[in-house]
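Okay, structure first, notes after.
The values are calculated or read from the model by the stated rules, or taken from the named source; none is laboratory data. Please read these numbers as outputs of a predicted model, since none were measured by experiment. No Cβ is skipped: glycine too gets one built from the backbone with ideal geometry, and neighbour counts run over all protein chains shown. To get the accessible areas, we keep the full protein, side chains included, count just its heavy atoms, and leave off ligands, DNA and RNA. Shrake-Rupley method; radii C 1.70, N 1.55, O 1.52, S 1.80 Å.
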Amino acid sequence: MSDEVKLLDFWGSPFAARVRIALAEKGVSYELQAEDIFGGKSDLLLTSNPIYEKVPVLLHDGKPVVESTNIVYYIDETWSTQGPQLLPACSYGRARARFWADFIDKKVFDTGCNIWKGQGEELELAKKEFIDILKKLDGALGDKDYYGGDKFGFLDVLLIALSSWFLAYEKYGGFTIEEESPKIAAWMKRCSERASVVKGLPDSQQVCELVGTIRKMHGLE
Amino acid sequence: MSDEVILLDVYASMFGMRVRIALAEKGVEYEYREEDLGNKSPFLLQMNPVYKKIPVLIHNGNPICESLLILEYIDEVWKDNKSPPLLPSDAYHRATARFWADFVDKKVFDLGRRLWTRKGEEQEAAKKEFIDALKLLEGELGNKPYLGGDKFGYLDVALVAYYSWFYAYEKCGNFSIEEHCPKLVAWAKRCMKKESVAKSLADPIKVYEFTLMLKKKYGLE
């Protein structure tokens, strides 16, 4: 099988970053197609993700897989004998991992958006909510080096990608991750030393500038 | 080893119904415990401290939360049982099934809820979007007997639970779902011929009465 893999991508998308990291973990070669999500999405993007019209989209031998968490499951299952196993081996461990993945997906990015989009009371509420979320994630990590236990795994991929936007949340929210959860800050540093993360994560400073641009577009500064 | 399986649930919950169907498909014996959402049991709060919601499946003391994740767990753990797997066997079709199940939860639930809780223009807008969402699912069904293809599967379980709420949506919204989506209603009736579905779905009249009770309680009349 030829295994033609293409990723419809946007450099600043933390969701696309998840896919880049997962593909790097598995050592899968792929073609990156950068999408201009503000200027004009490609026909390929619009036809392969007609319902949401968003990146990332993974095209494997022409077949589209959408929604980043879904894509990471797909990568782990399809290239199961390549690279590390991202999901735990046992059913209960997998159920726990999926639960926290779902929690992360429901809460982290949207609450973060409310921080950099918000003002006054809204901003304070969003900040409080985000810190609450951090505390829950801190608890879920426990004393482990990674969410995957001894090894970098599925949840680590999902969350470290989103952490590329944390600097922006800190800037507009007026708090630091280090202060609110030194454990998560340490975990972030540990993960960022991994080759797949170095390769796949957008630069936090550049993301901050991107957020500044988006704020201007929304008339927020 | 004898499995201890407990399900914390609420009769009219479409999320709970999904789990009931899956357990019935696998022939798993379990203890059903009805929760009072106005007065949640300490056990529920202990088993689902993050969301405090039903359904929760407790397998030998280990809690699994979020209905779609419970379906995956049930399918993995009781995979040697007499019935075929719920999830497709290949990764691509699994990704597609998960995508659509996520779509059901993102769209159908929220739009349905807006349908029975709002009035006037808001309700009309929700009704239109609701029908659009069901039509997309009808498109996904195509000419197949089930969303899972030839066999009843994960996505069928995910969506058919909502069929018990169709009557309530129709009464509150003053429209007929069958008129707009005849193929989907035909699919639902086909699923209802399965014993696991027929015995797990709540009585639509009771569901409608449940919505009336909630509307009164929250002053939504």
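When each of B:Leu68, B:Leu87, B:Leu57 is tested for being assigned to a helix (DSSP H, G or I) and either aliphatic (A, V, I, L, M) or surrounded by fewer than 17 Cβ atoms within 10 Å (Cβ to Cβ) (or both), the lone residue that passes is B:Leu68.
Which of the residues belonging to the stretch A:103-134 are surrounded by fewer than 20 Cβ atoms within 10 Å (Cβ to Cβ), touching a residue at least 12 places away in the same chain (Cβ under 8 Å) and more than 20 Å from A:Tyr172 (Cβ to Cβ)? The answer is A:Phe103, A:Asp105.
Just for strands (runs of 3 or more DSSP E) wholly inside the stretch A:4-72: which have at least 2 residues that are within 14 Å of chain B (Cβ to nearest Cβ)?
A:57-60, A:63-66
Within the stretch B:108-131, not a single residue is at the interface with chain A (Cβ under 9 Å from one of its Cβ atoms) and free of Cβ contacts under 8 Å to residues at least 60 places away in the same chain. Taking each residue of the stretch B:81-107 that is more than 23 Å from B:Tyr163 (Cα to Cα) and within 11 Å of another protein chain (Cβ to nearest Cβ) and looking for partners that are in a helix (DSSP H, G or I) and not hydroxyl-bearing (Ser, Thr, Tyr) with beta-carbon atoms closer than 6 Å, six or more apart or interchain, yields B:Ala91/A:Glu77; B:Ala95/A:Asn70.
Of all residues in the stretch B:1-37, those satisfying the criterion of being open to solvent by 30 Å² or more (accessible area, probe 1.4 Å), assigned to a loop (DSSP other than H, G, I, E, B) and either of a type in the set (Asp, Glu) or over 21 Å from B:Asp110 (Cα atoms) (or both) are B:Met1, B:Ser2, B:Asp3, B:Glu4, B:Gly27, B:Glu29, B:Tyr30, B:Asp36.
So that you can scan it fast, the table gives a plain yes or no per residue for (1) under 20 Å from A:Arg18 (Cβ atoms); (2) among the β-branched types (Val, Ile, Thr); (3) touching a Leu at 6+ places or on another chain (Cβ under 7 Å):
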position	(1), (2), (3)
A:Gly174	no, no, no
A:Glu178	no, no, no
A:Ser181	no, no, yes
A:Ala186	no, no, no
A:Gly200	yes, no, no
A:Gln206	yes, no, no
A:Glu209	no, no, no
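Screening the candidates B:Leu115, B:Leu111 for the property of being open to solvent by less than 50 Å² (accessible area, probe 1.4 Å) and in contact with an Asp or Glu (Cβ under 8 Å, 6 or more places away or on another chain) yields one hit, B:Leu111.
Of the residues in the stretch A:87-94, at least one is touching a Phe, Trp or Tyr at 6+ places or on another chain (Cβ under 9 Å), within 11 Å of another protein chain (Cβ to nearest Cβ), closer than 27 Å to B:Val5 by Cβ and open to solvent by 50 Å² or more (accessible area, probe 1.4 Å).
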